[in-house]
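These notes are about the structure you will find just below.
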Amino acid sequence: MPAFEIRVSDKKGKSVFALSQIKSGSVIFEESPLISSQFSWNAVYGYLACEFCLRPLETAECNVQRLSNDYSINLPYLECCHVQEGMSKHTNCPDCREMYCSEACQQSALDSYHKALCLGANRTDINHPINALIEFWKKIHYPPETSSIMLVIKIIGMFKQSSDTQKLRTQFDQFFSQTENQDLMIFHKMLGENFLQQIEQLYELICIAFDPSSDERLQWLTFPGFQSLLALIGTNGQGIGTSSFADWVRNVSDISLSEKQRESLDELIDHLYSKLDEVVGSFLNNEGSALYSTQSKINHSCVPNAECRFPYSNHHLQLTAICDIEPGQEICISYLDECALERSRHSRQKILAENYLFQCQCEKCENQTNDPDETSDEEEEDDLIDEGRIDDSD
């Protein structure tokens, strides 16, 4: 018997509810995405990861050396890194040299979209229409990225390769729940109100790269269709972060060490994270986003009872209960990070309204209804820092 079911209501649309008691720490379900992609800026920063599943392709030691720009660093307990030097099973596309962690991932990409997208010898040609599209996106969407034009490109590739576009369209239609007006609001939020012209230019570059008017499989890719696709990704895209160094840190925490060895290891890890913070800040992971059929139907709560995890260091998602969930209770995750969750009701509501176009009515928000609709001085300062209006370097 499944542990959950999907229900539809006028108030919240699709939601996920527990059918039986789910204990804290239990895996509710696991899911591979319909499509996933690394962010466009990853290659600029030298991240090496599987093009299909985002699994890291460099050792933890190489990872931390590159990020810190200190190649004298030597990590102990190298057996705790799942990527072993000299034992790689990495494969490459023979034509464009795109990198994959396994032959299985390479074949999955080839079967799904890569035949239509492989640039062959033109992979490094910045004037190739697909590369020009990616470069334009990067100029208007700097790190930290929240989405990627590569998701759009891969979806187009899937349609160009599909022998059953109606079935594929049905798979993507499940993500559409916004009105046309909401679509406009969402992609303006993604790129800014001042970027309407750039969005039109993006679509022009899409047309140059794929000429949808001449391919019946892409007849849906009109300008409104492109807007809706951006909105789909903006509202349903789940962020992914993979890191061989983070995997190593997690794995060494499980090995048996003496108290002195553990203390020395903890000091090393703290030192390395401090060093990384100075050089790359929060840009530690190979990051990307993906579309998940079931996960996308899970609603937000400021008191979530579940969270998304990526235990295999790739795009395979695991939804795990973080407290006991009773039968009939809605399963919810947080769309906000831990810092934002600790902010006032007013601040949380503002973030959710601007980014997801809804007013949260979870238990925490309802209990704080009478709190003043004011943002604390500390939160105001954080907002100004985020907007670049004040300097926090002192």
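Numbers below:
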| quantity | calculated |
| --- | --- |
| Accessible-area value, Phe210, 1.4 Å probe, nucleic acids and ligands omitted, Å² | 10 |
| Additional length obtainable on full extension of the chain from Ser253 to Ala353, 0.36 nm per residue less Cα span | 32.1 nm |
| The chain, relative contact order [Cα under 8 Å, separation at least 6], % | 27 |
| Accessible-area order (highest first, 1.4 angstrom probe) of the listed residues His300, His316 | His316, His300 |
| Long-range HN-HN contacts of Tyr335 with modeled amide H, under 5 Å | Ser301 |
| Amide proton proximity set for Phe4, modelled H, under 5 Å, gap of 5+ | Leu19 |
| Fluctuation leader among Glu307, Glu366, Glu58 - the chain, Gaussian network, Cα springs under 10 angstrom | Glu366 |
| Amide hydrogen neighbours beyond the local backbone of Phe29, cut-off 5 Å, H modeled | Leu319 |
| Three-way shape call for the chain based on the alpha-carbon gyration tensor, with the a/c threshold at 1.5 | rounded |
| Largest to smallest accessible area among Val280, Val303 [probe 1.4 Å] | Val303, Val280 |
| Full-stretch length increase - Val280, Tyr77 - with 0.36 nm per residue and alpha-carbon distance subtracted | 70.7 nm |
| Spherically averaged projected area in nm², based on the convex hull that wraps the Cα atoms of region 227-368 | 11.8 |
| Under 27 Å from the Cα of Lys14 - lysines, other chains or at least 8 residues apart | Lys23, Lys154, Lys167, Lys189, Lys297, Lys350, Lys364 |
| Most mobile of Glu342, Glu31, Glu135 in a GNM of the chain (Cα contacts under 10 Å) | Glu342 |
| Inter-centroid distance (Cα atoms) of region 1-34 relative to region 103-182, Å | 28 |
| Global form of region 1-154, assessed from the alpha-carbon gyration tensor, a/c cut-off 1.5 | oblate |
| Pair Ala340, Ile322: separation of 7 Å Cα→Cβ label points (nm) | 1.3 |
| Centroid-to-centroid separation of region 243-257 and region 305-362 [C-alpha atoms, Å] | 26 |
| Share of carbon and sulfur in the accessible heavy-atom surface of the chain [1.4 Å probe, %] | 47 |
| Largest-first principal axis extents, alpha carbons of region 191-283, Å | 67, 30, 22 |
| Value of relative contact order over region 16-121, rounded to a whole percent, pairs C-alpha under 8 Å and six or more apart | 21 |
| For region 308-319, Karplus couplings with θ = phi - 60° (6.51, -1.76, 1.60), whole Hz, Gly/Pro x | 8, 10, 10, x, 9, 6, 8, 7, 6, 8, 10, 9 |
| GNM top mover of Trp248, Trp220, Trp41 - the chain, alpha-carbon springs below 10 Å | Trp220 |
| Where Ser26, Ser253 fall by accessible area, highest first, once all protein chains stay in place (1.4 Å) | Ser253, Ser26 |
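The values are calculated or read from the model by the stated rules, or taken from the named source; none is laboratory data. Quick caveat: nothing in here was measured; it's all calculated off a predicted structure. All Cβ positions, glycine included, derive from the backbone under ideal geometry; neighbour counts span all protein chains shown. These accessible areas exclude ligands, DNA and RNA; they are computed on the full protein's heavy atoms, side chains included. Shrake-Rupley method; radii C 1.70, N 1.55, O 1.52, S 1.80 Å.
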